[in-house]
Amino acid sequence: MPEPLAVVTGGTRGIGLALSRRLIGMGHRVVAFYAHDRESAEKAEVDNPGLTALQVDLADGPAVADIAARVLAEHGAPAVLVNNAGRNIDRPFLEMSDEDWTTVLDTNLTGPFRLTRALAPAMIDAGGGSIVNVGATTGIRPRVDGINYCASKAGLLQFTKCLALELAPTVRVNCLIPGMIDTEELRTRWRLDDPERMAQTLDEIPTRRMGTVEDVADGLAFLVGPAATYVNGQKLIIDGGQFMW
């Protein structure tokens with residue numbers, strides 16, 4: 001019997017790569033989508049037998065339809081779909097262009113909508129599965145200079161709940177929300193190589209440490225695993241208690 005398939009967007013580096021690796025460890029074949037970083041994608045394939053990397057721009061509707069059709073034709077229906085890919089274009093609201101807004105919304109919210117719409121029927125026909133949307137704490141708590149990103153992640157939370165209603169009981173849908181996870185991108189964006197900024201950040205986290213990508217992968221393993229068969233339409237926040245929503 002072939003290994004079950006998992007599709008992970010943004011699955012070749014950072015948090016997404018950790019999610020892909022965990023799914024491989026759980027016995028899945030993984031098709032990992034990436035947008036631009038071919039070098040990281042090729043390295044992910046070499047380092048992780050069982051991972052196939054495919055390039056797609058999730059903001060491009062026809063490209064999403066094409067890649068979904070390719071996955072179904074070449075790999076079959078996924079048992080797991082992880083909508084992880086995200087895009088940041090930070091600007092003050094009054095300086096934000098239409099393109100800044102639409103690029104982020106098209107990637108972070110419309111992309112998951114299109115991809116899930118394309119793959120969910122096959123998941124249902126195959127007998128079910130699990131969809132996990134990867135949100136962000138800023139989808140609940142706002143920040144300055146990120147109204148496009150915050151709006152997209154807030155929308156993803158409601159998208160999760162609506163999907164959970166409509167795809168039940170065959171497919172479960174939940175939202176995984178990482179907090180301050182120690183990745184190269186986050187350190188750069190928040191200038192955490194500055195010891196003072198890092199100390200200020202840790203002061204806000206009751207566990208007094210940054211999260212790891214493996215912490216997030218632990219959450220995914222729970223949501224798609226047998227211990228969560230009665231968990232649907234929920235958000236799992238992995239933030240060390242920083243916000244306690």
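What are the residues whose amide H is under 5 Å from the amide H of Ala53, where those residues sit 5 or more places off or on another chain and H is modelled from the backbone?
Ala32
Taking only protein heavy atoms into account and a 1.4 Å probe, give the accessible area per residue of the chain in Å².
49 Å²
So what's the stretch 129-195 giving for Cα Rg divided by 2.2 N^0.38 Å, two decimals?
1.35
Pop the C-beta distance of Arg117 and Thr201 into the FRET formula with R0 = 35 Å and round what comes out to the nearest 0.05.
0.40
With +1 assigned to the C-beta of every Lys and Arg and -1 to the C-beta of every Asp and Glu, and no other charges, what is the dipole magnitude of the chain about the Cα centre in debye, to the nearest 20?
Rounded to the nearest 20 debye, it is 680 debye.
Let me spell out the model: positive unit charges on the Cβ of Lys and Arg, negative unit charges on the Cβ of Asp and Glu, origin at the Cα centre of the stretch 159-245. What dipole size does that give, in debye rounded to 20?
340 debye
If packing is taken as the average number of other Cβ atoms within 10 Å across a peptide's residues, how do 47-53, 225-231, 6-12 rank, most packed first?
Output ranking for 47-53, 225-231, 6-12: 6-12, 47-53, 225-231.
Expected output is a single nm value to one decimal: the length gained when fully extending between Met1 and Met244, i.e. 0.36 nm times separation in residues minus the C-alpha distance. What is it?
Value of the extension gain: 83.2 nm.
I'd like the carbon and sulfur percentage of the solvent accessible area for the chain, probe radius 1.4 Å, heavy atoms only, ligands and nucleic acids excluded.
53 percent
Going by the alpha-carbon gyration tensor, a ≥ b ≥ c the square roots of its eigenvalues, is the stretch 89-146 rounded (a/c under 1.5) or, if a/c is not under 1.5, prolate (a/b greater than b/c) versus oblate?
Oblate.
I want to verify the translational diffusion coefficient of the stretch 45-123 in µm²/s; compute it with Stokes-Einstein, Rh as the Kirkwood radius over Cα pairs, at 4 °C and 1.567 mPa s.
After rounding, the answer is 92 µm²/s.
Sort the following peptides by mean Cβ neighbour count (other Cβ atoms within 10 Å, averaged over residues), highest first: 118-127, 173-182, 90-99, 143-152.
Most protected by this proxy first, the peptides run 173-182, 143-152, 118-127, 90-99.
Rounded, prolate or oblate: which one fits the stretch 20-87, using the alpha carbon gyration tensor with axes a ≥ b ≥ c (rounded when a/c is under 1.5, else prolate when a/b beats b/c, else oblate)?
Cα axes put the stretch 20-87 in the oblate bin.
With contacts defined as alpha carbon pairs under 8 Å and 6 or more residues apart, what's the relative contact order of the stretch 44-120 in percent?
Relative contact order for the stretch 44-120 comes out at 41 percent.
When the dipole is taken about the Cα centre of the stretch 26-129, and only Lys, Arg (+1) and Asp, Glu (-1) are charged at their Cβ, what size is it in debye, to the nearest 20?
With Lys and Arg at +1 and Asp and Glu at -1, about 460 debye.
For the stretch 177-237, compute the orientation-averaged projected area of the C-alpha convex hull (one quarter of its surface), in nm².
4.9 nm²
Tell me, what is a quarter of the convex hull surface for the C-alpha atoms of the stretch 103-228, in nm² with one decimal?
Projected area, direction-averaged: 8.9 nm².
Mean Kyte-Doolittle hydropathy of 0.5 or higher plus an axial Cα length of 24 Å or more: which whole DSSP H helices in the chain meet both?
Taking the DSSP H segments of the chain (at least 24 Å long, mean hydropathy at least 0.5), we get 147-167.
The values are calculated or read from the model by the stated rules, or taken from the named source; none is laboratory data. Fair warning: this is a prediction, and the values are worked out from it, not measured in the lab. Ideal geometry is used to build each Cβ from the backbone, glycine not excepted, and the neighbour counts take in all protein chains shown. Each accessible area value is taken on the protein alone, full model and side chains, heavy atoms only, with ligands, DNA and RNA left out. Shrake-Rupley method; radii C 1.70, N 1.55, O 1.52, S 1.80 Å.
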